[in-house]
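The values are calculated or read from the model by the stated rules, or taken from the named source; none is laboratory data. Note that this is a predicted model, so its numbers are computed, not measured. We place every Cβ from the backbone using ideal geometry, glycine too, and count neighbours over all the protein chains shown. We work out accessible area using only protein heavy atoms, side chains counted, and drop any ligands, DNA or RNA first. Shrake-Rupley method; radii C 1.70, N 1.55, O 1.52, S 1.80 Å.
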Amino acid sequence: MATDSRQFTYICGPDDFLVNRIARVRFAGMAEGLDEFSSEVISGFTNNIGEVEATINRLRDAVQTLGLFGDRKAVWLKDVNFLADSVTGRAEGTLKLLDELKAILEGIVADEVALLISASPVDRRRVFPKWMEKNSDFQLVTDSGGGMGWEDLAAEESAGMDIRFAPGAIELLVAKINGNARLFVEEVRKLITYCDEVGGVIDARMIDELVPSFGEGDFFEATEAFFARDPEWCVQALRRHFFAGNDARPLLSSLQNRNRLLIQLGSLKDSGFLRLAGGGIDKKSFERSAARYGGVFGSSKEKNPMNVFTQNPWYMGKLVGKAELPGLRSLINHQLEFRRAFAETIERPNDQEDILRAMMLRCLSTGGKQ
């Protein structure tokens, strides 16, 4: 039986939080006006083939059973994870069960049953997910679109409040929480609560002070202060860093990683390949530089501070900032100072804050144009 392309709704994406957020809104619209007995939610989260079979059987029963009073019914199969590139998703038994699921979907009568399927993650290379995309009211949710980008999330959380984000603030927040949508929402709520004044602005400094770094992020407030070349901010940020019980080593690592990238950017700028424009990096010149020198670093695309071309151009532009990029001699001297400070913290582990404060002031007192 040929299926109508809109017999069911299918929403998927790499982030289950974003997928569920959008699917919840869609299902509320599909179930509007129906009584509680005419809407049903089925969990599609499974750990093995037996659970996949049980889930598909529950879905079959749900779509083939009319509402209590014979009205239209709304069904949501949520949190589907057996379409992923996983042991369960690749299993031959699961693939056979997907043929049964396809038959169920082909038999949906849209006038009688409104069906929504939300899944994350999904291996979109496989035959069945491709078929679902083609034969449904399909929506792909990503962190940069699909109806729920970062700016959309921030706007939704701050709706009705006279609060705005300064330019670049959302991008900084995304980098600090390492692209985790759940953390993004929670941190936005926290920032809104903190910024309770009418007409308040959430800016980069507020985010640096209030939002911790998660995952593999490379953000420390003291690092931001150092490369902003602001001695007073450096001293205050260091005090907060060590007051919170943090160690010198991750901060020194952050400083070294940032400095390595700036050395590479400075070399590309001096070579004439890279152009700085508008307080950031000219994207086209960055791409030309990658085409010219990218092969020197190998084929790996994994983020690495030793390879400037594995980084996001926006992030590189933020590192450069609006101030003049320090000269290569200054950047190399910074690297030597970081090594010296590391050796001193081993010799004097109880004086870490004093050691890093002295190091930063030495670096900043020499200027940055050498």
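For the reader, a short list of remarks on this structure follows.
- Filter pass, Leu59 being assigned to a helix (DSSP H, G or I), open to solvent by 40 Å² or more (accessible area, probe 1.4 Å) and modelled with pLDDT of 90 or more: no
- Checked against (1) in a loop (DSSP other than H, G, I, E, B); (2) of a type outside the set (A, V, I, L, M); (3) more than 21 Å from Asp16 (Cβ to Cβ), Arg164 meets all criteria but (1).
- Hits in the range 332-343 - residues which are open to solvent by 40 Å² or more (accessible area, probe 1.4 Å) and either aromatic (Phe, Trp, Tyr) or over 14 Å from Asn259 (Cβ atoms) (or both): Phe342, Ala343
- Residue within the range 12-30 that is without any contact (Cβ under 8 Å) to a residue 60 or more places away in the chain, among the acidic types (Asp, Glu) and open to solvent by 50 Å² or more (accessible area, probe 1.4 Å) present: no
- Test: residue in the range 285-299 that is modelled with pLDDT under 90, over 30 Å from Ile170 (Cβ atoms) and among the aromatic types (Phe, Trp, Tyr): yes
- Leading residue by the ranking (nearest to Arg258 (Cα to Cα)) among those in the range 175-195 that are at pLDDT below 80 and not charged (D, E, K, R): Ala175
- Among residues of the range 167-189, those that are touching a residue at least 24 places away in the same chain (Cβ under 8 Å), open to solvent by 20 Å² or more (accessible area, probe 1.4 Å) and assigned to a loop (DSSP other than H, G, I, E, B), counted: 4
- Against the numbered list (1) open to solvent by less than 30 Å² (accessible area, probe 1.4 Å); (2) over 27 Å from Asn180 (Cβ atoms); (3) part of a loop (DSSP other than H, G, I, E, B); (4) not basic (Lys, Arg), Asp71 comes up short only at (1).
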